[in-house]
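Please see the structure below; I have some questions.
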Amino acid sequence: MYNFSDLSKAVIAGQESKVKELTQAAINGGAEPLAIINEGLIAGMNVVGARFKSGEMFVPEVLVAARSMGAGVAMVKPLLLGQEVPSSGKVLIGTVKGDLHDIGKNLVALMLESGGFDVVNLGIDLAPDKFVAAVKEYQPQVIGLSALLTTTMLVMKDVIELLKEEGLRDRVKVIIGGAPISYDFSSEIGADGFAPDAATAVDLCRKLLA
Amino acid sequence: MPKSQYVRASFETCATPQFRVLSQDQCESIFLGALEVLQHTGAEVNSPEALEIYRKGGCRVDGTRVRFPSHLVEWAVRTAPSRITMYDRNGNRSMYLEGQNVYYGPGSANTFTLDPFTGERRRPLKQDTARAAIVSDALSNMDYVEDNGAPMDVTPTLADVHAFQAMVTNTTKPIIHWGFGINQYQDIVDMASACVGGLSELQKRPFLILYSESSPPLRHSSEAIDKALFAAKKDLPCIYTPCIFSGGVAPATMAGSLVVAVADALIGIVAGQLVREGSSFIMGGPISTMDMSSSSLAYGAPELSLLSAGLSNVARYMGIPMFSTAGCSDSKVIDTQLAIEAAFSILVAGLSGANLIHDCNLMDKGVTGSLELTVLDDEIIGMVKRILRGIEVNDDTLAVDVIDHVSPGGHFLGEEHTIERFRDEFWWPTLISRVRYDEWKLYGSKTLGQRVKEKTQEIINEHRAEPLSQKILDQIQAVVDRAEAREASLKSKK
């Protein structure tokens with residue numbers, strides 16, 4: 001049994017160069033590639049998630065830890081020989097038509113990635129048909145809609161309606177977020193969930209896919 | 001822990017927020033006014049020992065009226081040290097009472113307490129004082145401990161002794177404590193000495209400040225002044241203050257109130273310096289307006305902050321460490337008035353650079369003590385300390401290279417520069433809520449008052465200070481037993 005505790009600790013500390021070094025050492029030492037990811041890299045990231053929730057770690061530290069984990073995963077990936085990189089699920093995310101705000105949406109994407117999700121970040125100012133086309137192309141389990149303005153948040157409802165028309169609504173969970181959004185609005189327009197912040201969005205996706 | 005806390009930043013950047021309410025010339029005028037009062041009007045002193053010390057020292061003594069020549073008072077101000085280093089119970093330095101360093105803590109001797117579990121307003125018990133020590137010990141922004149009420153479930157004349165036992169066994173932080181008389185002061189000093197291995201060790205590394213209060217204007221009973229003499233003889237730091245009610249025991253004007261406050265402090269400082277040149281004195285004390293509808297001291301008045309800041313300016317001018325007041329209120333419950341008055345006074349006291357800031361527990365005109373207020377104040381002090389730290393400006397903090405690296409439209413969350421600095425640069429709330437509405441609702445829609453109560457109860461149930469050895473606990477108990485025997489025999493003589 002290869003001991004991955006140092007590798008996990010390096011991920012928790014967000015030490016990218018050390019993560020690379022220890023990942024290489026594990027590869028050279030003959031460790032199972034999937035084990036390096038699951039028991040070393042993701043195990044460290046799980047600790048980060050728990051500490052973030054308990055208020056011991058903060059957003060910048062989570063991002064750096066996620067980045068260091070990503071660097072390790074990139075090294076192991078070519079060795080998987082057809083095996084899939086373990087994923088919590090695929091999420092599409094974008095800001096709706098008429099709205100150019102994206103810092104919050106990008107933060108949600110980063111937090112989802114650090115939580116082990118495959119994230120496709122579609123960008124900003126997206127009309128409902130763009131979301132529908134992307135759902136067809138990427139086959140995600142979840143799509144996340146973002147809006148900062150009370151005028152643009154109504155587009156979220158249009159996206160949901162169009163998904164229904166195209167017969168796609170049952171195949172994908174829709175989550176929404178942004179400053180003007182509330183739980184009430186989320187149920188009003190028939191979304192599957194609302195997260196008040198980026199960290200909660202990760203929990204929400206896990207819950208919806210459980 | 002850094003020796004100079006906040007002013008250090010201004011050496012580098014001139015950006016630490018500071019304010020003064022009195023100019024140097026105004027401070028001088030108040031000091032000179034006090035000298036004139038002491039020389040011409042003098043004071044009533046009802047202690048034979050003090051009268052003899054003043055007479056030998058060069059004061060004019062007529063019966064119990066003492067007049068102080070200005071040169072003698074000026075000498076005393078010069079010889080009293082401008083700085084006092086305080087230690088914790090383990091002998092580590094914990095407070096540098098000098099310059100504009102600020103340290104916050106609760107107050108003492110209130111006659112009611114607000115029970116943090118039942119919400120009942122009732123008489124304080126010895127267990128409440130133990131709780132007060134536990135709560136202050138746990139809170140990082142409480143730098144010292146006071147008793148949060150004179151316990152009433154013990155021998156009445158030994159409430160001070162029992163309170164000290166409850167405190168010293170439940171905290172390692174420095175303790176400021178009062179006493180009824182010299183016998184009790186001796187008991188308290190003996191208990192403190194037992195903790196550190198003798199009086200000489202306590203003198204070398206004091207974790208106890210003795211507190212004595214005179215009866216303004218210009219009247220000093222033997223109970224008050226003899227305690228100042230005791231502290232000087234024992235070579236232990238002493239807070240000697242009047243409690244000034246503007247319009248009651250001092251003129252209604254702010255400046256006139258400051259003159260009385262300074263004069264009454266000087267009477268103790270002169271006595272102390274005549275007993276032992278260089279003995280450590282701290283001036284200040286509660287100073288506010290008399291509420292003209294109820295004739296009691298207003299603890300939440302803006303004048304409390306204004307007068308305390310003014311007195312801090314004069315104390316700094318004189319080079320005497322300052323004992324100020326903040327974090328207190330006239331409210332009867334944990335409500336908005338309480339939070340407004342506490343926050344205002346904590347900010348002003350912090351900006352004024354007063355060294356010891358007390359009463360971070362007193363509400364209801366100082367009659368009622370509340371540990372919930374102490375917990376709330378801890379949060380407010382955290383915010384104020386962040387403001388006092390100011391803005392550090394240098395190449396590293398200007399971060400132009402980081403801005404360039406992130407480039408337009410990017411974000412700084414993942415930058416090493418951010419990771420390395422955000423924990424120090426940002427203040428972190430522990431009670432103040434910043435979550436979004438839905439999340440707040442999800443966790444029970446709790447008000448600040450509810451969160452404060454929960455935290456207070458959690459600390460009382462879970463926090464325990466580093467314990468003393470059984471041997472020291474036994475020595476402390478022996479002092480309490482000795483005091484009980486003494487009071488019993490005094491009572492039977494009567």
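Every number here is computed from the coordinates shown, using simple stated rules; none is lab data. Keep in mind that what you see is a predicted model, and the values were worked out from it rather than measured. Cβ placement follows ideal geometry from the backbone for every residue including glycine, while neighbour counts extend to all protein chains displayed.
Just to verify a number: FRET efficiency for B:Asn46 and B:Ser70, C-beta to C-beta distance, R0 = 30 Å, to 0.05? Please report the intermediate quantities before stating the final value.
Details: r = 24 Å, r/R0 = 0.79.
After rounding, the FRET efficiency stands at 0.80.
Ranking request for peptides B:311-324, A:62-75, A:25-38, B:419-432: highest mean number of other beta-carbon atoms within 10 Å first, then the rest in descending order.
Details: B:311-324: 25.6, A:62-75: 21.7, A:25-38: 15.7, B:419-432: 13.1.
With the highest mean Cβ count within 10 Å placed first, the list reads B:311-324, A:62-75, A:25-38, B:419-432.
Related question: Starting from a Cα-only point model with no solvent, please compute log10 I(q)/I(0) by Debye for chain A at q = 0.08, 0.17 1/Å.
Summing over Cα pairs of chain A leads to -0.31, -1.07.
Right, something else. Enumerate the lysines that B:Lys446 could reach by cross-link, defined here as Cα to Cα under 18 Å, with residues fewer than 8 away along the same chain left out.
The qualifying lysines are B:Lys455.
Checking the cross-link filter: which lysines have an alpha carbon closer than 16 Å to that of B:Lys332, excluding same-chain neighbours under 8 positions apart?
Of all the lysines, those that pass the test against B:Lys332 - Cα under 16 Å, at least 8 places apart if same chain - are B:Lys365, B:Lys453.
Next question, about the same structure. To the nearest whole number, what is the average tally of beta carbon atoms from other chains within 10 Å of the beta carbons of peptide A:193-200? Mind dumping the intermediate values first?
On the way: counts 0, 1, 3, 8, 4, 1, 0, 5.
Average per residue, whole number: 3.
Have a look at A:Phe131, A:Phe185, A:Phe117 and tell me which one the Gaussian network model of chain A (Cα, springs below 10 Å) gives the largest fluctuation.
The residue that fluctuates most here is A:Phe185.
Going by average Cβ density within 10 Å per residue, which order do the peptides B:74-87, B:137-150, B:290-303 take, highest to lowest? Present the calculation step by step, with values, prior to reporting the outcome.
Values: B:74-87: 18.3, B:137-150: 24.6, B:290-303: 16.7.
Output ranking for B:74-87, B:137-150, B:290-303: B:137-150, B:74-87, B:290-303.
How big is the shadow of the Cα convex hull of the stretch B:288-390, averaged over all directions, in nm²?
On the way: hull surface 25.7 nm².
That works out to 6.4 nm², a quarter of the Cα hull's surface.
Would you kindly calculate the translational diffusion coefficient of the protein assembly as shown, applying Stokes-Einstein with the Kirkwood radius from alpha carbon pairs, for 10 °C and a viscosity of 1.306 mPa s, and quote it in µm² s⁻¹ without decimals?
Result for D is 54 µm²/s.
To test your reading of the geometry: what angle, between 0 and 90 degrees and rounded to tens, separates the Cα axis of helix B:48-57 from the longest principal axis of chain B?
Tilt of helix B:48-57: around 90 degrees.
OK, next. Mind ranking B:360-373, B:123-136 by how tightly packed they are, going by the mean number of other C-beta atoms within 10 angstrom, highest first?
Numbers: B:360-373: 26.7, B:123-136: 23.5.
Going from most to least packed, we get B:360-373, B:123-136.
To the nearest Å, what is the center-to-center distance of the stretch B:172-243 and the stretch A:179-202, using C-alpha atoms only?
Value for the Cα centre distance between the two parts: 61 Å.
Using r as the Cβ-Cβ distance of B:Gln450 and B:Glu120, and R0 as 25 Å, what FRET efficiency do you calculate, to the nearest 0.05?
On the way: r = 17 Å, r/R0 = 0.69.
Given R0 = 25 Å and the Cβ-Cβ separation, E is 0.90.
Evaluate chain B: find the radius of gyration of its Cα atoms, find its Kirkwood radius, and give the ratio Rg to Rh. Kindly include the intermediate steps, with their values, before the conclusion.
Working: Rg = 23.3 Å, Rh = 23.5 Å.
So for chain B, dividing Rg by the Kirkwood Rh gives 0.99.
Follow-up question, since we're still on this one. Working out 0.36 nm times the residue gap between A:Glu137 and A:Asp184, then minus their Cα-Cα distance, what length gain in nm do you get to one decimal?
Working: separation 47, 0.36 × 47 = 16.92 nm, distance 3.08 nm.
Full extension from A:Glu137 to A:Asp184 adds 13.8 nm.
Please build a GNM for chain A, connecting alpha carbons under 10 Å apart, and tell me which residue among A:Ser87, A:Ser114, A:Ser146 fluctuates the most.
Of the options given, A:Ser87 has the highest mean-square fluctuation.
Something else now. Over all pairs of distinct alpha carbons, what does the Kirkwood formula give as the hydrodynamic radius of the stretch A:5-79, in Å? Write out the running numbers ahead of the final one.
Working: mean 1/r = 0.0843 Å⁻¹.
One decimal place: 11.9 Å for the Kirkwood radius.
What residues from the stretch B:441-478 fall in the zone where the backbone N is under 17 Å from a label point 7 Å along the Cα-to-C-beta line of B:Gln127?
Under 17 Å, as judged by backbone N against the label point of B:Gln127, lie B:457-464 of the stretch B:441-478.
Also: Hey, which of these cross-link pairs are over 28 Å Cα-Cα: B:Lys173/B:Lys234; A:Lys130/A:Lys207; B:Lys227/B:Lys491; B:Lys227/B:Lys494; B:Lys56/B:Lys227? Spell out each step's value before the answer.
Numbers: B:Lys173/B:Lys234 21 Å; A:Lys130/A:Lys207 26 Å; B:Lys227/B:Lys491 22 Å; B:Lys227/B:Lys494 24 Å; B:Lys56/B:Lys227 19 Å.
Among B:Lys173/B:Lys234; A:Lys130/A:Lys207; B:Lys227/B:Lys491; B:Lys227/B:Lys494; B:Lys56/B:Lys227, the Cα-Cα distance tops 28 Å for no pair.
About the Cα centre of the stretch B:214-362, what is the dipole size in debye to 20, counting +1 per Lys and Arg Cβ and -1 per Asp and Glu Cβ, all else neutral?
Working: 7 positive and 11 negative charges, 80 e Å.
The dipole magnitude comes to about 380 debye.
Here is a further query. Rounded to the nearest angstrom and ordered from largest down, what semi-axes does the equivalent ellipsoid of the stretch A:89-209 get from its C-alpha gyration tensor (root of 5λ)? Write out the running numbers ahead of the final one.
Values: eigenvalues 61, 54, 38 Å².
Output for the stretch A:89-209: semi-axes of 17, 17, 14 Å.
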